[in-house]
């Protein structure tokens, strides 16, 4: 029951994150973002993952979102680690796995990401 409560908080945090994105993407900005992401920029990778998750500037593609979140998360970018945990918790683009979600939230929390620190026991 406690894990369910923490997951609800995580989903709410992610929803607020997506609502807070105020940049309106166009093809040029998406191309620049993709180029930076492909060159290994972890922030760009996370942002491209968010673009795919929301369908902003690119067709909505949750599998592609997970791909970019994973790349950024594996480089140690805490926001991507948190987002990666959320997709596991929701089973969006991956098989739902609460243990994996919690593990990524632990990593993100240890990296200083406050949203993850709030939900990790």
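Based on alpha-carbon atoms, the Kirkwood radius and the radius of gyration of the range 57-121 give Rg/Rh equal to 0.98. Placing a label point 7 Å from the Cα of residue 110 along the Cα-to-Cβ direction, the residues of the range 55-84 whose backbone N falls under 19 Å from that point are 70-84. FRET efficiency for the pair residue 99 and residue 43, taken as 1/(1 + (r/R0)^6) with r the Cβ-Cβ distance and R0 = 30 Å, rounds to 0.65. Taking other C-beta atoms within 10 angstrom as a stand-in for reagent exposure, 71, 90 fall in the order 90, 71, fewest first.
Rule-based calculations on the coordinates, nothing more; no lab input. The shown structure was predicted, so the numbers you read here are calculated from the model rather than taken from an experiment. Cβ sites come from the backbone with ideal geometry, for glycine too, and all protein chains shown count toward neighbours.
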